[in-house]
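Written out below as structure tokens is the structure these notes cover.
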Amino acid sequence: MNFAGILARAEAGADLTVPELAVLLAPPDPGSAAALTAAAHRVKTAVCGDYVNLRGLIEFSNFCNRDCFYCGIRKSMPAVRRYRMSADEIVHAATLAGEYGYGSVVLQSGERDDPEFTGFLTGVLRRIAALPYRLGITLSCGEQTLDTYLRWREAGATRYLLRIESSNPALFARIHPANWRWEDRAAALARLREADYQVGTGVMIGLPGQTTADLAADVKFFQRIDADMIGMGPYLPQDDTPLGRQCPDAPGAAAARLELALRMISVTRLLLRDVNIAAATALQAISPADGRERGILAGANVIMPNVGDPAYRRSYQLYNGKPNLDENAAALRAGLLANLAAVGARPRFNAPGDPPHYAARTGKP
Ligand code: SAH
């Protein structure tokens, strides 16, 4: 199969097979890699506009009931200081996002499903929805019942990001405890859809044992569930986790994973077209100066600058090398705007930045 031929068909909007997607994920030479990036950037600009949507990220709690083998805030990490921001602190961070013109916020946390937590978040959502900025509100708080998803939706959340982590159930099983099933994760994605969210999913890229065919199948999974948004990034070992200890990085592994993650963004853009794709913070962890900006040039159209208080940031390290541990929201904003300008990318202010795909599939504006 010929790389250039497949790329041309992809740019024209053809539906590709898993083997064809796998060819695009492994360009044979630097010229082909550059052609892939350029084609994805053209499709993004034509379909989604030539700007970057911004989301103020609020990592509001690191209490977690899950024990994912890769994650730095997993339940049995003894050294992690557990916190939950107060409602006032979360609303303050959302206000900052509104003042900065980010247009939307993402509330992310470890996973809890007790009534104290779900009720707390419902109240916080109502307060954010009542702010004068008309912020888009994304949640990223794990698997919940349909009832909880509906309550959070009614309280003002419009989007939900729940990564499938890997579309391959066997790989999923190797990186999660036995009581956490792939089928449950997939069913939670279906519940989100039923609750009328803009549904986001994604995977970690470069997991131990993951193949190019796995990643190509991940992109087909995004297509099959008709996702509106994609948030995916390179896997980064966390020293104190079982997977991090078992498979430490060889020299150069992180840099290779960055390139693979950028290719995943491009291939996903070419196949899914009108979805929002985030340039994840994990890209920036590998390449602080330009990781996320390269994500934008590769076809992503969303960046999520942190608006939380840096006092909490050290306690929310999913992986080693989390960037900007001490910088406040104002400093992060200045740095991001300078970096975007340096690559000629245009941020879009004061707009919620809904994925065009959601309007297309539902007929809602
Ligand atoms: N608990 C929530 C969201 C918080 S974790 C949920 O279950 O959806 C957000 C994401 O961080 C995870 O979905 C995972 O893909 C990613 N992540 C966790 N550990 C990571 C690591 N070591 N390297 C890269 N990404 C990681």
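The values are calculated or read from the model by the stated rules, or taken from the named source; none is laboratory data. Worth saying up front: this structure is predicted, and the values here are computed from it rather than measured. Using ideal geometry, Cβ is built from the backbone for each residue, glycine included, and neighbour counts are taken over all protein chains shown. Note: accessible area is taken over every heavy atom of the protein model, side chains too, but ligands, DNA and RNA are not part of it. Shrake-Rupley method; radii C 1.70, N 1.55, O 1.52, S 1.80 Å.
A few remarks follow.
- The packing ranking of peptides 160-169, 254-263, 335-344, 308-317, highest mean first, is 160-169, 254-263, 308-317, 335-344, where packing means the average number of other beta carbon atoms within 10 angstrom of each residue.
- Calculated SAXS-style log₁₀ I(q)/I(0) at q = 0.12, 0.14, 0.15 Å⁻¹ - the chain, Debye, Cα scatterers: -0.85, -1.22, -1.44
- By the rule of a second cysteine Cβ within less than 4.7 angstrom, the chain holds isolated cysteines at C48, C64, C141, C247.
- Screening the chain for whole DSSP H helices of 15 Å or more along their axis (Cα) with average Kyte-Doolittle hydropathy at least 1.0 returns 253-272, 329-342.
- Long-range amide H partners of I277 with built H, under 5 Å: I230, N301, V302
- Other-chain or far-sequence residues with amide H under 5 Å of R66's (modelled H): K75, E111
- Exceedance of the 24 Å cut-off in Cα-Cα distance is limited, within the set K75/K220; K220/K322; K75/K322, to K75/K220; K220/K322.
- The distance linking segment 117-191 with segment 262-330 is 20 Å (Cα centroid to Cα centroid, whole angstrom).
- Rounded D (µm²/s) - segment 179-278, Kirkwood Rh over Cα pairs, Stokes-Einstein at 25 °C, 0.890 mPa s: 166 µm²/s
- When the chain is treated as a Gaussian network with alpha carbon springs shorter than 10 Å, the biggest mean-square fluctuation among F172, F221, F120 belongs to F120.
- Beta bridge orientation in the chain: antiparallel %, DSSP, nearest 5: 5 percent
- Shown are F349, F3, whose ranking by accessible area with a 1.4 Å probe and every protein chain present, most to least, is F349, F3.
- Kirkwood hydrodynamic radius over Cα pairs of segment 1-153, then Stokes diffusion coefficient at 25 °C and 0.890 mPa s, in µm²/s: 130 µm²/s
- Segment 100-162 shape via C-alpha gyration tensor axes, a/c threshold 1.5: prolate
- For N350, the shell of other residues with beta-carbons less than 15 Å away shows a net charge of +3, using +1 for Lys and Arg and -1 for Asp and Glu.
- The relative contact order of the chain comes to 25 percent, based on Cα pairs under 8 Å that sit 6 or more residues apart.
- Gap separating the Cα centres of segment 21-74 and segment 80-100, nearest whole Å: 25 Å
- The per residue volume of the convex hull around the alpha-carbon atoms of segment 19-108 is 188 Å³.
- Expected 222 nm ellipticity per residue - DSSP helices of 4 or more, -39500 (n - 2.57), all of the chain, to 500: -13500 deg cm²/dmol
- Note on the chain: with neighbouring protein chains present and a 1.4 Å probe, carbon and sulfur make up 56 percent of its accessible heavy-atom surface.
- Sorting D113, D228 by solvent-accessible area of protein heavy atoms yields D113, D228, largest first, with a 1.4 Å probe.
- Backbone HN-Hα couplings from phi across segment 300-308 [Karplus 6.51/-1.76/1.60, Hz, Gly and Pro as x]: 6, 9, 9, 10, 10, x, 6, 10, x
- By definition, a body whose alpha carbon gyration tensor gives a ≥ b ≥ c is oblate when a/c is 1.5 or more and a/b is not larger than b/c, and segment 197-345 fits this oblate description.
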